[in-house]
Amino acid sequence: STGSAAAVPINAEFDIAYVTPVTLGTPPQTLQLDFDSGSSDLWVFSSHLPTSQIRGQEIYAPNKSSTAKLLDGHSWSITYGDGSGSRGNVYTDNVTVGGLMVERQAIECAQQVSSSFTSEAHIDGLVGLGFSTLNTVSPKSQLTFFDNAKGALDSPVFTADLKHKQAGTYDFGFIDKAKYTGEITYVPVNNDPGYWTFSSSGYAVGSGNFSASPISGIADTGTSLIYLPTAVVTAYYRQVQGATNSRSYGGYVFPCSATLPSFTFGVGEARFTIPPAYMSYAAVTPGSSTCFGGLQSSNGVGINIWGDLALKVAFVVFNGGTPPTIGWAAK
Ligand SMILES: CSC[C@H](NC(=O)[C@H](Cc1ccccc1)OC(=O)N1CCC(N)CC1)C(=O)N[C@@H](CC1CCCCC1)[C@@H](O)Cn1ccccc1=O
């Protein structure tokens, strides 16, 4: 079997996150979920949430689904890198993504969400696509949608074709040759403790020479930006007039009028260049002439992250075979 579903940017201006329609239960309830290869819980806004914590999101009501079953005595609780979090109880039910159905998928129903989730009306929950070792359900941890689907897939892979300010796709079980050009460069994945961790072969700032130093980081569809070592980040912002690492804004900012260099990263012999226009994010406050950079330091994060900003200039194959690998191709 295979599946294919749209990845739609939640913000018309900046690609800060992407959501994908997912149907749950019988009759089907459709929610817009954020596919996150940096975590491994499938959780949703639910009928178990106080209404004060729901502001425009769609909810999943297990008691309205004839195929929902309570996973008695199980609970979950998760906190993300940006400090947001949620917790609740667990049901199993049918989950369908782009025509691919998994029966008895653990659906983690939120009983509490942090304020940043309540204020993000476009995200009704997450689908974790990390390795199942990271799942937070207790006392028995649960499998991700991908791990549950894997055995039935034509090939044990999913691919991400994220785009700038337009809908892309997540495909399951097949590699669509129409979505990329040239060859796919595969590199090893270290899935301990459970991320899609791979080694980039280096970077270049603008037209500068390529610095061939390996950078270990995770491919994370749930993170907007790129978080890399300080040496890389200072080399980049040294080329940006007026750039500063702002404590108050929590990262590198610069005048929105600044000329930005492109940023190139390597995967094996392959090179991927992020154009200058992608390297600037929202103004730090609406209407401000100070902009937030797409490349930030991983110092405060503790892990290097290749987020949507890097993923959207490539076609990426998350190969869940044995051993797992990750493939990057131009498009
Ligand atoms: C440096 S990990 C920061 C990262 N969260 C982001 O990237 C959010 C995404 C977002 C944007 C807009 C609305 C809602 C959410 O966006 C920003 O933080 N932005 C974008 C806008 C910018 N102006 C400021 C910075 C993050 O926790 N991801 C986790 C998944 C996220 C959680 C929040 C909801 C969406 C999915 C996750 O994969 C990160 N992970 C990765 C490895 C280990 C643990 C861990 O937890």
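A short reminder: the numbers here are calculations on the coordinates, not readings from a lab. Everything numeric in this text was worked out from a predicted model, so none of it was measured. Neighbour counts run over all protein chains shown; Cβ positions are idealised from the backbone, glycine included.
Could you compute the longest span of the chain free of GluC sites (Glu not before Pro) located in DSSP loops and having at most 12 other Cβ atoms within 10 Å, not counting the site residues?
No qualifying site falls inside 14-268, the longest such stretch.
The order of the peptides 39-50, 247-258 by mean Cβ neighbours within 10 Å, most packed first, is 39-50, 247-258.
Computed over the chain with a Gaussian network model linking Cα atoms closer than 10 Å, the most mobile of 132, 201, 224 is 201.
About the Cα centre of the chain, how large is the charge dipole given +1 on each Lys and Arg Cβ and -1 on each Asp and Glu Cβ? Please answer in debye to the nearest 20.
Details: 16 positive and 23 negative charges, 84 e Å.
Once rounded to the nearest 20, the dipole reads 400 debye.
Taking the chain as the region of interest, the number of lysine pairs whose Cα atoms are within less than 29 Å, with members eight or more places apart or on different chains, is 23. When a/c reaches 1.5 or more, the comparison of a/b and b/c decides; with that in mind, is segment 1-70 rounded, prolate or oblate per its Cα gyration tensor? Since a/c reaches 1.5 but b/c is at least a/b, the shape of segment 1-70 is classed as oblate.
Local charge sum around residue 37 (other residues, Cβ-Cβ under 12 Å, Lys/Arg +1, Asp/Glu -1)? Mind showing how you got there, number by number?
Values: positive: none; negative: 34, 36, 220, 308.
Charge balance in the 12 Å sphere: -4.
Between amide H atoms placed 1.01 Å from N, distances below 5 Å from residue 37 occur with 129, 221, 222, all of them 5 or more places distant or on a separate chain. Reported to the nearest whole Å, the Cα centre-to-centre distance from segment 192-270 to segment 60-132 is 32. Taking only the Cα atoms of the chain, the radius of gyration and Dmax are 19.6, 60 Å.
Relative contact order of the chain, taken over Cα pairs closer than 8 Å and 6 or more residues apart, is 19 percent. The helix-only estimate of mean residue ellipticity at 222 nm for the chain, built from DSSP H runs of length n ≥ 4 each weighted as -39500 (n - 2.57), is -1500 deg cm²/dmol after division by the residue total.
Note on residue 154 and residue 179: the extension gain reaches 7.2 nm, defined as 0.36 nm multiplied by sequence separation minus the Cα-Cα distance. Once backbone amide H atoms are built at 1.01 Å from N, residue 280 has 294 as its partners under 5 Å, excluding neighbours fewer than 5 places away on the same chain.
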